[in-house]
Amino acid sequence: MKYSGQVLYSLSGVAVLFSALSCSGKKEKSAKPYNIVYIMTDDHTAQMMSCYDTRYINTPNLDRIAADGVRFTNSFVANSLSGPSRACMITGKHSHANGFTDNTTCVFDSSQQTMPKLLRKAGYQTALVGKWHLESLPSGFDYWEILPGQGDYYNPDFIRMNNDTVQRRGYVTNLITDIGINWLENERDETKPFAIFLHHKAVHRDWLPEIKNLSLYEDKIFPLPDNFFDDYNGRLAAAAQEMSIAEDMDIIYDLKMLAVGKESRLKSVYEQIIGRMTPEERKAWDHFYDPIIQDFYSRKLSGKELAEWKFQRYMRDYMKVVKSLDDNVGRILDYLDKKGLLENTLIVYTSDQGFYMGEHGWFDKRFMYEESMRTPLIMRLPKDFDKKGDIPQLVQNIDYAPTFLDLAGVPVPEDMQGIS
C-alpha cells in the first residue's frame, strides 16, 4: 500500500527518508555515509512503551529515541506473524512476493534480493545478531550470529557463521547487545559505513524475565481493558482464536505456576525452558515463585476472578521483560554516543508486530484487529535532519528496506513494493 501525496527532497541528489521529513528539516548532507542501527523486538506492542502510552510502563531509553527523533503514529506491519513480518522487512515486499507466508510451512529463500545484500554491495558492512526465524541461514551479512528458532531466554544457544552452535551463559537480551557491541567495537572495518540489525527475542511468549528483575512491578495493579470480557457478539470467528487469556493462557507455561501434582498442556515445554537455568538462577526463581504458587492454588480461583488474576500476572511478566529490553537500548545509545557515532547514525526501533494486552480478552497477535497490525516505530535521525516529533503518515514495514537504501544513496529496485 502506497500512500498518496509523497514529497521527496534531495540531499546531493539522493532522495532520503520518509516524505514526512520535509524540506524544512533539510541541512547540508554529511560527508560520511550514514550508519544504520536497526533494533527489532518480537511482540512489543506500542501501548507498552511510555513514549506511546503512559498507563502501564516507563521506558526511559526508548523514550530517548522518540524525544531526540521522530515517532510514527500510524505504523503497521504487512503480516502480523514473526517470520513473515521479518521477510517483509528485509525484502521490502509483501509475503506473496517474497515467498515466506507462514511460520510453519515456509523456508525463506536466502538467495533472493534483500536490503542488507544491496547495502553490502554498495560498500556497507552488515551484521545480524539475534532472532532470524526464517528457517534458512542468513546471507548478505559480513557477520551473523543467530538464535535457533525462537531461541531461549536463559543461557541460550547461538548458531554462528561457521555453522557451529554454542551456548552462551546469560540472559538473552543482554547477550544480543553484548555481541552487537563487540562487533561494533572489535570486528568491523572502521573505514566503512555499517548497518547492524539487532533482533531481540524479547518480548516473546512466555515472558521470562531477567532474574534480577523478578520482583519488579509486583505491587502494580493494571486496569482491565474496557473490552476485556468481550462477548464477540456478531464476531463469532474471533471467539474461535486460541488467544484467550481466560481459556488459552497456560497456567504453567505462561504463568509459571509449576507445582507437584499440577498438570497443563505445555508443562513439559516449560520444564525444559527453566531447565536451562544455572542452579543459582533456579534457586532465586523458586524463592520468588514458591509463595505465589502456594497462594494461587490455595485460592481455587475460577471464572472471571481467574481471568483477572491471569491478566495481572501476564502484565507484570511482560513489563519485566520490557525492562531489560529498555536497559539494553540504553546501552546501545550510550555506546554510540561514547564512540562519536550517534550523530551520523540512523537508529530505528520497532517490533515485528503488535500484541494484545488484554484487549478483547486476548494475548498474542493472530487475529487481524488493529492491536496486532499496528506496531511501534521510532527513529533517531542523523544530525543532517532537523525533523523531530510525530509523523502521522501511514507506513508499513515493507517501507523500511527502500528507506534504508535511499538513506545510503543506493538505488531502490523497482520490484520493491515499499517506498522510501
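Here, each number is a calculation from the coordinates, and none is a lab measurement. Every value quoted in this text rests on a predicted model; they were computed, and no experiment measured them. Note: ideal-geometry Cβ built from the backbone for every residue, glycine included; neighbour counts use all protein chains shown.
Summary table below
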{"item": "Rel. contact order, % - alpha carbon contacts under 8 angstrom, at least six apart, the chain", "result": "33"}
{"item": "Most mobile listed residue (A46, A284, A202) in the chain, GNM with C-alpha springs under 10 Å", "result": "A284"}
{"item": "Listed residues S85, S110, S298, most fluctuating in the chain (Gaussian network, C-alpha, under 10 Å)", "result": "S298"}
{"item": "Residue-by-residue Karplus 3J(HN,Hα) for the stretch 105-116, coefficients 6.51, -1.76, 1.60, Hz, glycine and proline x", "result": "10, 10, 10, 5, 7, 6, 7, 6, 4, 9, 4, x"}
{"item": "Positive-end extreme of charge dipole, the chain - chosen from L214, I245, I292 (charges on Cβ)", "result": "L214"}
{"item": "Residue exposure sequence - R374, R235 - by fewest surrounding Cβ within 10 Å", "result": "R235, R374"}
{"item": "Candidate lysines - alpha carbon under 29 Å from K383, same-chain residues fewer than 8 apart omitted", "result": "K2, K26, K27, K29, K32, K117, K121, K192, K323, K338, K339"}
{"item": "Residues V172, V260, sorted so that the one with the fewest Cβ neighbours within 10 Å comes first", "result": "V260, V172"}
{"item": "Ranked by how many other beta carbons lie within 10 Å on average, peptides 56-64, 316-324 from highest", "result": "316-324, 56-64"}
{"item": "Per-residue Cβ neighbour rank within 10 angstrom, fewest leading, C106, C88", "result": "C106, C88"}
{"item": "Among A202, V172, L119 the positive-end extreme of the charge dipole of the chain (Cβ point charges)", "result": "L119"}
{"item": "Two-decimal log10 I(q)/I(0) for the chain, as the Debye equation yields it once each C-alpha is a single scatterer, q = 0.06, 0.09, 0.13 Å⁻¹", "result": "-0.24, -0.55, -1.15"}
{"item": "Long-range amide H partners of T126 with built H, under 5 Å", "result": "D142, Y143, A195"}
{"item": "For Q113, distant residues with modelled amide H under 5 Å away", "result": "none"}
{"item": "Whole-Hz ³J(HN,Hα) from phi, Karplus 6.51 cos²θ - 1.76 cosθ + 1.60, for the stretch 210-227, glycine and proline x", "result": "4, 4, 5, 9, 4, 8, 5, 6, 5, 8, 8, 10, 9, x, 5, x, 4, 9"}
{"item": "Rounded to the nearest 20 debye, dipole of the chain from Cβ charges on Lys, Arg, Asp, Glu", "result": "720"}
{"item": "Straight-distance crosslink candidates among lysines, where the alpha carbon sits under 25 Å from K262 and sequence neighbours closer than 8 are dropped", "result": "K283, K300, K304, K310"}
{"item": "Given charges at beta-carbon only (K, R positive; D, E negative), |dipole| of the stretch 237-314 in Debye", "result": "120"}
{"item": "In order through the stretch 248-264: 3J(HN,Hα) via Karplus (6.51 cos²θ - 1.76 cosθ + 1.60), integer Hz, x for Gly, Pro", "result": "10, 6, 6, 5, 9, 4, 8, 10, 6, 8, 7, 8, 4, x, 9, 10, 7"}
